[in-house]
Structure formats: structure tokens, C-alpha cells
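Below you'll find the structure, written out as C-alpha cells, and then a few comments.
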Amino acid sequence: MVINIAHRGDSGNRPENTLAAFESANEIGADQIELDVQFSEDGELIVIHDAAVDRTTNGHGAVREMTLAELKALDAGAWFGGDYAGQRLPTLAEAVSIFPEWMGLNLNTNYFDPQCDEYERKIVQVLEQGGLLSRTVIAAYHLETIRRCRRVAPELECRILPGSECNIYNYIALCQEYGLKTMQPGRDMMIPEFVDTCHRYGLQLHLFYADTRGDMIKYIEMGIDGILTDYPAWLKDVLATGAGS
């Protein structure tokens, strides 16, 4: 069964990375929610993709240079539509508190401090307190992030995100070297031979991304194991028709 992963929540229909988007994904019945976590000036975990608040709030400036109180004062919904005015940037703890017991979390680490592992330790702490540690995969570009998370919680599932230097061959080798179970390739890597090779090595592929019904069907028929999408309701409908079976 293909895993339906709501990218930043139901972000095609709600402002991304907000409780409104996550609650909508819950109502749709997505299998997982993907979200992004940054670090505030006062060391709090805040759910937002960009390093700056400009694109998805009414504020300006770098997340890392703003306190949690300053970030919480921003409107994170009006940019998407008037119906969502007043949505706030959630903390990671607030986001995971609304996850039903059956839902998984794909957590994209969008911050890295080469000198300190406080960010990674706090993520693990919040996941433990929220009872989500066993249902979370940490997706990271930095290999040191994976090493840090595993030092704190060896049982935590991690996933390497391919950088620009990755190709289909060294990506597989890197995943094997770190003993990972899943991959999150971009569309540029998705050819049938890559899918077949990954499966031969026991690796599952969760694709970033498919946002049209046609693309969803194409990649499902290619044999991928999960899809990140801004439109989880569409993917649910496609899967209900038996696509790829």
C-alpha cells in the first residue's frame, strides 16, 4: 500500500505548516504528515519551512533572530486567504499534540548548528513527550543531524535527503552505509530502474512529490512506496480506485 504523506499538511488547501493544514490532513485520513522545524532565537522549536518568515507570515526577518513570542505574534494564515487569518506558527509540541494515535510524522530538519546539538536533542525530547518517537522519521540533509539524533535515540528512524551532489547510485550507497530503511528522492531520480534497484537493496522510496492525479498514478504504477503531496485527498481518491494494483 502506498503511504499518503501530507506535505506540510493539506497545504494545497490550507496555509502550509499550520494547525489548520494538519487538522485537515487528519480529517482526510492521510497516513503521515510532513512538517518542517526551525529554531527560534530563544531555543524553541517552531514549525515553518523557510529560514525567514517573509513568505508565509505578515512578518519580516530570520526565524533564528526572533523569539518565540515574536514568532507567535505573526499571522501565518492571511497570506493564503482571509478565511485563515489569525493562524499562528505552531511549536513542534503544539503540532504533535493533535496527531491521532495512528498517524505518522515525517519531520524535516531545516536548521543545523555545526557547533551544538541542542536542536536535535530538543526534537527528540518533544517527540518522546508527545508519544511520537516510534512513529517519526527524521529527514535531514546533514549527515551529522542523523548521527546526533541516533546518539540521543538510537531507535529513531532517520532518512537522508539527497543533495545536489547525489545521483541514483551514491544515494543508495549512502543509505546502505548508514543502515537506513527508506529514501526520499526527488522527481528527477524517479525512473523505473532506480525503483527496482532500491527495492532489490531493501530500500523503500517515498517520493517528493506528486501534486496531480496523473503524476500520482504514474509513480504508483512505477512501484514507489509513498508519496509526499500537497493534495492528500486527491491521493486518497487515486489509491481508492486501485491505481497501480
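³J(HN,Hα) across the range 52-69 via Karplus (A = 6.51, B = -1.76, C = 1.60, θ = phi - 60°), whole Hz, x for Gly/Pro?
Per-residue couplings from phi come out as 10, 8, 4, 6, 10, 9, 8, x, 9, x, 7, 4, 5, 9, 10, 6, 4, 4 Hz.
Summing +1 for each Lys or Arg and -1 for each Asp or Glu, what net charge is found among the other residues whose Cβ lies under 12 Å from the Cβ of Cys116? Mind showing how you got there, number by number?
Details: positive: Arg121, Lys122, Arg148; negative: Asp113, Asp117, Glu118, Glu120, Glu144.
It works out to a net charge of -2.
Give the peptides 51-58, 150-157, 90-97 in descending order of average Cβ contacts within 10 Å, highest first.
90-97, 51-58, 150-157
When ranked by the protection proxy of mean other Cβ atoms within 10 Å per residue, highest first, what sequence do the peptides 191-197, 30-36, 212-218 form? Walk me through the intermediate numbers first.
Details: 191-197: 13.6, 30-36: 24.0, 212-218: 15.7.
Those peptides, ordered most packed to least, come out 30-36, 212-218, 191-197.
Do you know the Lys pair count in the chain for C-alpha distances under 25 Å, with sequence separation 8 or more or different chains?
Pairs that pass both the separation and distance tests number 5.
Would you kindly derive the ³J(HN,Hα) couplings of the range 8-25 from the backbone phi angles with the Karplus curve 6.51 cos²θ - 1.76 cosθ + 1.60 (θ = phi - 60°), listing them in order in whole Hz, with x for Gly and Pro?
With the stated coefficients, the range 8-25 comes to 6, x, 7, 6, x, 10, 9, x, 4, 6, 10, 4, 4, 5, 6, 5, 5, 4 Hz.
From the helices alone, meaning DSSP H stretches of at least four residues, give me the mean residue ellipticity at 222 nm for the chain, per-run term -39500 (n - 2.57), in deg cm²/dmol to the nearest 500.
About -9000 deg cm²/dmol.
Rounded to whole Hz and in sequence order, give me ³J(HN,Hα) for the range 29-45 from the Karplus expression 6.51 cos²θ - 1.76 cosθ + 1.60, θ = phi - 60°, writing x for Gly and Pro.
x, 4, 6, 9, 10, 9, 9, 10, 10, 10, 10, 7, 4, 9, x, 10, 8
Since every read-out is calculated from the coordinates, none of them should be taken as a lab result. Values in this document were obtained by computation on a predicted structure and should not be read as measured data. Cβ coordinates were reconstructed from backbone atoms using ideal geometry, including for glycine residues, and neighbour counts include every protein chain displayed.
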